[in-house]
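In what follows, a single structure is set out as structure tokens and then discussed.
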Amino acid sequence: MSSTTVILVIVVAVIALLALVAVAWSRSGKRRSERLRERFGPEYDHQLAETGDAAETDRILAEREKRHRSITLRELEPRERETFEHRWTDVQREFVDDPGRAVEHADNLVDELLSARGYPVDDASRRAEDVSVDHPEVVQRYREARRIGAAHREHGADTEDLRSAVTAYRELVQALLEGDSGRTSTSA
């Protein structure tokens, strides 16, 4: 075999190997995207709409998962859970007489519940990101509730908006309380 033939065989082998690596890399990326899309559901779509780039969305959500693993979440003691359930019932009752105040109290209750569970609560946008890892199905509603609460403070939310906010907060409260025991008695 001539040296030219040997070089040609080596070049073809290297090109074939690089093609195999590229295909494997592509499949790995697709599997990662599929896993993240499945895990985050509507939150994946929300993030994709923000970035406009699937690779960037994958990077952000993978980083969010990694950061979330460093959070030490804890279960609530039965008495704590019961207290939060009673307080939530009070928020719902309050809605009848003062919807705006009920939204404020719901937001405060959610912050306290997140804190009690171990979520960092200093930054509202990061709070939603952290919640999205465990509860991607309700985080959009949580963001919407917070937006309505801010609009209410600026006198830009009507009673129907406030009802929607309380309903969204209720979904998150239930998800956070169910995270402990798989059940909760918060009323609908």
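Given R₀ = 30 Å, what would the calculated FRET efficiency be for residue 93 paired with residue 32, taking r from the Cβ atoms and rounding to 0.05? Computed FRET efficiency for residue 93 and residue 32 comes out at 0.05. The apolar share of the surface of segment 121-176, taken as the fraction of accessible area on carbon and sulfur atoms (1.4 Å probe, ligands and nucleic acids excluded), comes to 43 percent. With all protein chains kept in place, the per residue accessible area of segment 1-129 amounts to 65 square angstrom at a probe of 1.4 angstrom. Helices in the chain that qualify as membrane-span-like (whole DSSP H runs, Cα extent of at least 15 Å along the helix axis, mean Kyte-Doolittle hydropathy of 0.5 or higher) are 3-40. Surface composition of segment 10-109: carbon and sulfur atoms hold 56% of the protein heavy-atom accessible area at a 1.4 Å probe.
Here the chain is treated with +1 on each Lys and Arg Cβ and -1 on each Asp and Glu Cβ, and its dipole about the Cα centre works out to around 1060 debye. If you wrap the tightest convex hull around every Cα atom of segment 50-188 and split its volume per residue, you get 112 Å³. Measuring from label point to label point, each 7 Å out along Cα→Cβ, what is the residue 39 to residue 73 span in nm? Between residue 39 and residue 73, the simple spin-label model gives 1.2 nm.
When shorter helices are ignored and each DSSP H run of at least 4 residues is given -39500 (n - 2.57), the per-residue value for the chain at 222 nm works out to -27500 deg cm²/dmol.
The values are calculated or read from the model by the stated rules, or taken from the named source; none is laboratory data. Owing to the predicted nature of the structure, the values given are computational and were not obtained by experimental measurement. Every residue, glycine among them, receives a Cβ derived from its backbone with ideal geometry; neighbour counts consider all protein chains shown. Note: areas computed on protein heavy atoms with side chains; ligands, DNA, RNA excluded. Shrake-Rupley method; radii C 1.70, N 1.55, O 1.52, S 1.80 Å.
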